[in-house]
Amino acid sequence: MINRVGTEWGSTVLAQAGVAEAKLDAWLLLETVCRINRTFYYSHMEEALTLEQQSEYEIAVKKRAERIPLQYITGEQEFMGLNFKVNSNVLIPRQDTETLVEEALKICQPGMKVLDLGTGSGCIVISIMKNAPGMTATGSDISKQALLVAKENGKLHEADIEWVRSNLYENITGRYDLIVSNPPYIAQADMLNLMPEVRDFEPAGALDGGEDGLDFYRQIVAKSGDYLNKDGYLYLEIGYDQGPAVTNMMCAAGYREVSVIKDLARHERVVFRRALTMLFAA
């Protein structure tokens, strides 16, 4: 099999399996297997794959045809200009979540302490630390397996972060200037309607937000005052239709002038506000 035939075969197999970006995914899998870039590919289109490369490529394409996410096959995903290791123990970082990081970075200053609840791959807190030097950070997750991935990414990007296994605030101590979170927010009734790649392969615990999708927001917001410094900030990623509900939740907890930010697709994506003094326990 030559390079050109390989991508054509892969594209056909993936298209027949219903993969939306069949041609692109076929190329990306070949790129990963053969460790080549597009310049090399176009100048060596008629060059044959080795038997080992052909076998590895066929296995990768068949996995993708089963709707296993591309990122779990290649083992990485780009986020905020950085490459992150990923596997089936963590949610795949998405461009939508970059809005959360970009908004949080606007208020970051040296000396601040940041807490990332439900860190997963660690992409949020690591990206903050790489773009806002001089801060200290904690990333927490209930999943031991997810924390292993986060720790690996922290080492990869030389980010000095404390990793804590915790069910939200359960094992968190001290106060922070900034709390960020991309919690599970898919309503249970919507879980079955997700794309096969998401529904069948990404960790359900990182997606399922309870009956109405708001379970984790209730817990995070209700206790945030116990873990934020005076005038600290709470930044939350939300689903496209959850802005009003989470805004009301935050206002009821003592936040005022809550802001909702839209992502590049013009969907409501981030809710945030500086905490008021009334939030804090005596």
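Bear in mind that the values in this text are calculations on the coordinates, not laboratory data. Just so it is clear, the model here is predicted, and its values are computed rather than measured. Cβ placement follows ideal geometry from the backbone for every residue including glycine, while neighbour counts extend to all protein chains displayed.
Order the peptides 20-31, 177-188 from the highest to the lowest mean number of other Cβ atoms within 10 Å of their residues.
177-188, 20-31
Pop out the ³J(HN,Hα) list for the range 98-104 in order, Karplus 6.51 cos²θ - 1.76 cosθ + 1.60 with θ = phi - 60°, rounded to Hz; leave Gly and Pro as x.
Calculated HN-Hα couplings, in order: 4, 4, 4, 5, 4, 5, 5 Hz.
Any idea what angle helix 243-252 forms with the longest principal axis of the chain, computed on alpha-carbon atoms, 0 to 90 degrees, nearest 10?
Helix 243-252 and the main axis of the chain meet at about 30 degrees.
Take the alpha carbon atoms of the range 49-99, find their center, do the same for the range 172-202, and report the distance between the two centers in whole angstrom.
Here the answer is 20 Å between Cα centres.
Sequence-distant or interchain residues sharing an amide H contact under 5 Å with residue 164, placed H: which?
Those lying under 5 Å, H to H, from residue 164 are 139, 140, 141.
Please go through the residue pairs 106/230; 113/230; 113/155; 63/85 and name each one whose alpha carbons sit more than 23 Å apart in this structure.
Beyond 23 Å: nothing from the list.
Give me the percent of Cα-Cα pairs in the chain that sit more than 34 Å apart, rounded to a whole number.
Here the long-distance tail beyond 34 Å is 27 percent of all Cα pairs in the chain.
What list of ³J(HN,Hα) couplings, whole Hz, do you get for the range 146-153 from phi and the Karplus terms 6.51, -1.76, 1.60, once you set θ to phi - 60° and write x for glycine and proline?
Karplus values, whole Hz, x for Gly and Pro: 5, 5, 5, 5, 4, 4, 5, 5.
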